[in-house]
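Undergrad: Questions regarding the structure given below will be posed in turn.
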Amino acid sequence: MTLPPETPLWWYLLALGMASVLIGIAKSGFGGGFGLLAVPLVATALPVDRALGTWLGILIFADLFAIWQHRHHRSWRHLRWLCYGAVPGILVGTAVIWQFRQIGGLTVALNLVVGTVCILFVLLQCYRLLGGRVPSIGSGPTGGAGSGLVAGVVSTLAHSAGPVISIYLLEQRLPKHLLVGTMVSYFFLMNWAKVPSYIGLGLIQRQNLVEAMLWMPVVPLGSLLGMWVLHRVQQRPFTLIMYLGAVIAGSRMIYKGVIEIL
């Protein structure tokens, strides 16, 4: 395993360790939006294309715990609609990455896209936390498929589609256990569906798999930490701190992309 010349070992260990813990916390049910911080945080230590491939492996591992925990709770009707949209969404996201790779601007494009998506979704989440209302998506098949389509594109490009699915499922007025179980099931299926595209694009290679396996044991520790803080820390201030970190990391990615263009 080789590190980029500009990345010191201590920062690599800290960034990926923190990101793995945050994913575990998010999967525990405390602060589901923490996933927004993970990819830009990892991208401070690794090239963004390598970060995406490595992080997909860790997400799939984390999904295995979540899908087992919520194995009896999901709304198949809503899950089916979301998946109808996810498939073309993944294909669109794959086509975008392929196009930028063909013209030689993949790293710049991913830095700009991932950083921008991260900041926009943090702003959206903060707006909702402060009592703002987002436009209604709709409760029928069209709203579900449309949400799945957008989530498929964003997830393929940035692994940051949680807010899209959260907004859609919250409008369906599902009981909490069904809402969480449906969301977990959707991302479990979608993350696996992204694997062929990532392999074809060269985003998943042997180095990614080794890297992901090294950090997988940290995810359950984050899950245990999430369960511990769930009963001891108020979620809103903790979440806002995490969102601030996501904005800083996302801004850094945008800065790197702009500098490379200039």
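Undergrad: If I ask for residues that are over 30 Å from I241 (Cα atoms) and surrounded by fewer than 17 Cβ atoms within 10 Å (Cβ to Cβ), which ones from segment 101-120 would you list?
TA: Scanning segment 101-120 gives Q102, I103, G104, G105.
Undergrad: Follow-up question, since we're still on this one. Which residues, taken from segment 47-63, are touching a residue at least 60 places away in the same chain (Cβ under 8 Å) and among the aliphatic types (A, V, I, L, M)?
TA: The answer is V48, L52, L56, I58, L59, I60, A62.
Undergrad: Then there's this: Tell me which residues, restricted to segment 50-94, are among the small types (G, A, S) and part of a loop (DSSP other than H, G, I, E, B).
TA: Within segment 50-94, just S75 meets the criteria.
Undergrad: Can you tell me how many residues in segment 167-177 are in contact (Cβ under 8 Å) with a residue 40 or more places away in the chain and either among the basic types (K, R) or surrounded by 22 or more Cβ atoms within 10 Å (Cβ to Cβ) (or both)?
TA: Final tally of qualifying residues: 2.
Undergrad: Has segment 11-31 got any residue that is surrounded by fewer than 19 Cβ atoms within 10 Å (Cβ to Cβ), in contact with a Leu (Cβ under 8 Å, 6 or more places away or on another chain) and not in a loop (DSSP other than H, G, I, E, B)?
TA: yes
Undergrad: Please verify whether segment 155-171 includes one or more residues that are farther than 26 Å from W55 by Cβ and modelled with pLDDT under 85.
TA: The answer is yes; a qualifying residue exists.
Undergrad: Then there is this: Regarding segment 121-141, can at least one residue be identified that is touching a His at 6+ places or on another chain (Cβ under 9 Å), surrounded by 21 or more Cβ atoms within 10 Å (Cβ to Cβ) and in contact (Cβ under 8 Å) with a residue 40 or more places away in the chain?
TA: The answer is no; no qualifying residue exists.
A quick yes/no check of all residues on (1) closer than 26 Å to L64 by Cα; (2) in a helix (DSSP H, G or I); (3) modelled with pLDDT of 90 or more:
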position	(1), (2), (3)
G181	yes, yes, no
M190	yes, yes, yes
Y198	yes, yes, yes
L225	yes, yes, no
F238	yes, yes, no
I241	no, yes, no
E260	no, yes, no
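Undergrad: Would you point out which residue out of V195, V164, V180 is surrounded by fewer than 18 Cβ atoms within 10 Å (Cβ to Cβ) and under 19 Å from the mean Cα position of the chain (by Cα)?
TA: Step by step, each of V195, V164, V180 is checked, and only V195 is surrounded by fewer than 18 Cβ atoms within 10 Å (Cβ to Cβ) and under 19 Å from the mean Cα position of the chain (by Cα).
Undergrad: Tally time: how many residues in segment 80-119 are within 19 Å of M253 (Cβ to Cβ) and β-branched (V, I, T)?
TA: Total meeting the criteria: 9.
Undergrad: Here is a list of conditions, (1) modelled with pLDDT of 80 or more; (2) surrounded by 15 or more Cβ atoms within 10 Å (Cβ to Cβ), and V210 meets all of them except one; can you say which number that is?
TA: (2)
Undergrad: Consider A145 against the criteria (1) among the small types (G, A, S); (2) buried (at least 22 other Cβ atoms within 10 Å of the Cβ); (3) part of a helix (DSSP H, G or I): it satisfies all of them except one. Which criterion is unmet?
TA: Only one criterion is unmet by A145, namely (2).
Undergrad: Right, something else. Given (1) free of Cβ contacts under 8 Å to residues at least 60 places away in the same chain; (2) closer than 21 Å to T116 by Cα, where does A158 come up short, assuming only one miss?
TA: (1)
Undergrad: With V108, V114 as the choices, which residue is in contact (Cβ under 8 Å) with a residue 12 or more places away in the chain and under 19 Å from the mean Cα position of the chain (by Cα)?
TA: Step by step, each of V108, V114 is checked, and only V114 is in contact (Cβ under 8 Å) with a residue 12 or more places away in the chain and under 19 Å from the mean Cα position of the chain (by Cα).
The values are calculated or read from the model by the stated rules, or taken from the named source; none is laboratory data. Predicted model, so just to flag it, every value in this text is computed and none were measured. Cβ coordinates were reconstructed from backbone atoms using ideal geometry, including for glycine residues, and neighbour counts include every protein chain displayed.
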